[in-house]
């Protein structure tokens, strides 16, 4: 990290070695307001971010947290939703049979008329829809299919220049990690564990639909191999075999 802003002008690739794994890291140029409309080569920068599995955003803790909101708005305008989950909607197109709507619980916003109206706007007349208390925006996002949902951590740099009281406030901001690049404070981090279901979704979203069980070798099980379900939590260096229906 440099002492001044916007020193990264092009994408700089690198590799982080964590235990036995290699993780590709892409250092991207800073995003400015209007990036989603192409300002400051915003389209190229955000398009690269759209392909990532995880995003780290470095912010200056001395600047207003409004900068965080600006970046979020620019990314969302390009179809990147940070720290959000995909709409909890089942959506399967078919050749005939009309619109089959199956709500699994009481809907707070959507009803059959609204769903059919939205689908008609997109000229969709044959589809199976399963609703789990979703909103109209959720349904539109599912139909358009142009959004990606990426976990994100905000690195708030220069904490060596603020007071303890201010640092206590910063720690309350969701998904934020206060650091000092100059002093290398708070640089020690541990990769989080993941569930089998999340692992399958990262490979392909249809894999979980055909999931039957998983065989696991490693620290997360008592026996090698052990048969587990999709809710099992994996540990680092686990080896798994996914068995489909």
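General observations
Conditions (1) without any contact (Cβ under 8 Å) to a residue 40 or more places away in the chain; (2) touching a strand residue (DSSP E or B) at 6+ places or on another chain (Cβ under 6 Å), marked per residue:
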{"site": "23", "(1), (2)": "yes, yes"}
{"site": "27", "(1), (2)": "yes, yes"}
{"site": "34", "(1), (2)": "no, no"}
{"site": "43", "(1), (2)": "yes, no"}
{"site": "47", "(1), (2)": "yes, no"}
{"site": "54", "(1), (2)": "no, no"}
{"site": "63", "(1), (2)": "yes, no"}
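- Selected residue (only one of 95, 137 is out of contact with any helix residue (DSSP H, G or I) (no Cβ under 6 Å at 6 or more places or on another chain) and without any contact (Cβ under 8 Å) to a residue 12 or more places away in the chain): 137
- Among residues of region 119-134, those that are more than 21 Å from residue 206 (Cα to Cα) and buried (at least 16 other Cβ atoms within 10 Å of the Cβ), counted: 1
- Looking only at region 151-163, and only at residues there that are within 26 Å of residue 201 (Cβ to Cβ) and crowded, with 18+ Cβ neighbours inside 10 Å, the one that is nearest to the chain's Cα centre (by Cα): 152
- Taking the criterion of being closer than 9 Å to residue 88 by Cα and in a strand (DSSP E or B), the residues of region 124-141 that qualify are 130, 131.
Yes/no matrix, rows are residues, columns are (1) modelled with pLDDT of 90 or more; (2) in the same structural domain as residue 20 (by TED's automatic domain parsing); (3) under 24 Å from residue 18 (Cβ atoms); (4) in a strand (DSSP E or B):
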{"site": "209", "(1), (2), (3), (4)": "no, no, no, no"}
{"site": "214", "(1), (2), (3), (4)": "yes, no, yes, yes"}
{"site": "222", "(1), (2), (3), (4)": "yes, no, no, no"}
{"site": "227", "(1), (2), (3), (4)": "yes, no, no, yes"}
{"site": "231", "(1), (2), (3), (4)": "yes, no, no, no"}
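- Only one of the numbered conditions (1) assigned to a strand (DSSP E or B); (2) closer than 30 Å to residue 62 by Cβ; (3) not assigned by TED's automatic domain parsing to the domain that holds residue 23 is violated by residue 155, and that is (3).
- Region 233-245, residues that are assigned to a loop (DSSP other than H, G, I, E, B) and out of contact with any helix residue (DSSP H, G or I) (no Cβ under 8 Å at 6 or more places or on another chain): 235, 236, 237, 238
- Residue check for residue 202: outside the structural domain of residue 49 (by TED's automatic domain parsing), in contact (Cβ under 8 Å) with a residue 60 or more places away in the chain and either out of contact with any strand residue (DSSP E or B) (no Cβ under 6 Å at 6 or more places or on another chain) or surrounded by 11 or more Cβ atoms within 10 Å (Cβ to Cβ) (or both): yes
- Take the conditions (1) part of a helix (DSSP H, G or I); (2) outside the structural domain of residue 18 (by TED's automatic domain parsing); (3) over 18 Å from the mean Cα position of the chain (by Cα); (4) surrounded by fewer than 18 Cβ atoms within 10 Å (Cβ to Cβ); residue 168 misses just one of them, which is (2).
The values are calculated or read from the model by the stated rules, or taken from the named source; none is laboratory data. Predicted model, so just to flag it, every value in this text is computed and none were measured. As a convention, Cβ positions derive from the backbone with ideal geometry for all residues, glycine included, and neighbour counts pool all protein chains shown.
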